[in-house]
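The values are calculated or read from the model by the stated rules, or taken from the named source; none is laboratory data. Owing to the predicted nature of the structure, the values given are computational and were not obtained by experimental measurement. Methodologically, a virtual Cβ is constructed for each residue, glycine included, from the backbone with ideal geometry; neighbour enumeration extends over all protein chains shown. Quick note on the areas: whole protein, heavy atoms, side chains included, nothing else; ligands and nucleic acids left out. Shrake-Rupley method; radii C 1.70, N 1.55, O 1.52, S 1.80 Å.
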Amino acid sequence: MGDHLKAVIYFRKALKLDRNCLAAWTLMGHEYLEMKNIAGAIEAYSNAVEIDPKDFRAWYGLGQTYELQNMNHYALYYYTRAVMSRPKDSRMWNAMGHCYDKMDKKIEAAKCYERAENCKDKEGIALHQLAKLYSTIGLDTKAVNCFEESLRRKDEEQIVDKELGETLLYLAKYYKRKSNLDKAMHYARRLYDFNGPERDEANTLVYEINSMITKISQTASSNLRMFPE
């Protein structure tokens, strides 16, 4: 019901009955985290991993508490422990990838997101982040493949969100640079489905693409006049 303080009270009562109740420690850590009570969360999660060193939820929670404090090296250590306990969970790899990205370690971040994608990331976080990372480090072909696959999945599930706008914008600009104007126009026009800055970007792109098409047509006409049949 979102009453985090009351939840903590009852978890503490449960722990008075059973000090080694793993679920109570872990869940209480989650509640403290929701309340931004970092000290309380760290204490609860630390007690949980003392009881069960393989409790990936508690390791993951510890990672989140340190990431909230921008202590990314500490966060990364705890996320690594979470991954060791849950190596096939895409959420753990996504957390590590996000942490590496914040530390400006793009290659390491990309490897984590690749692992998340291989673990069938149901939330679709990894693929979009991978696309952006590939673009940042100059792997344009990989970036395009990821963006197009992300677009395919979103269209399949009829999802319209900020990430979709970022995807369409990237693809429109990429294909404009490559002079594939049909594809560029297709993606640019889809941006009209959005309100706000995406629509402004669409207007600019459509104008630029039309200008390129006009220039190509004028060049072709000029060549025909110079070399008549």
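For segment 82-94, the condition holds for no residue, the condition being that it is in contact (Cβ under 8 Å) with a residue 12 or more places away in the chain, of a type outside the set (Val, Ile, Thr), assigned to a helix (DSSP H, G or I) and more than 27 Å from Ala41 (Cα to Cα). For Met28, state whether it is within 19 Å of Val8 (Cα to Cα), among the aliphatic types (A, V, I, L, M) and surrounded by 24 or more Cβ atoms within 10 Å (Cβ to Cβ). Considered against the rule, which asks whether it is within 19 Å of Val8 (Cα to Cα), among the aliphatic types (A, V, I, L, M) and surrounded by 24 or more Cβ atoms within 10 Å (Cβ to Cβ), Met28 comes out as yes.
Of the candidates Tyr100, Tyr79, Tyr134, Tyr74, the single residue that is out of contact with any strand residue (DSSP E or B) (no Cβ under 9 Å at 6 or more places or on another chain), open to solvent by less than 10 Å² (accessible area, probe 1.4 Å) and assigned to a helix (DSSP H, G or I) is Tyr79.
Scanning segment 149-204 for residues that are of a type outside the set (Val, Ile, Thr), open to solvent by less than 70 Å² (accessible area, probe 1.4 Å), within 27 Å of Glu114 (Cα to Cα) and assigned to a loop (DSSP other than H, G, I, E, B) turns up just one, Asp161.
Identify, by number, the condition in (1) at pLDDT below 95; (2) more than 30 Å from Arg152 (Cβ to Cβ) that Lys122 doesn't meet. In the conditions (1) at pLDDT below 95; (2) more than 30 Å from Arg152 (Cβ to Cβ), Lys122 misses (2) alone.
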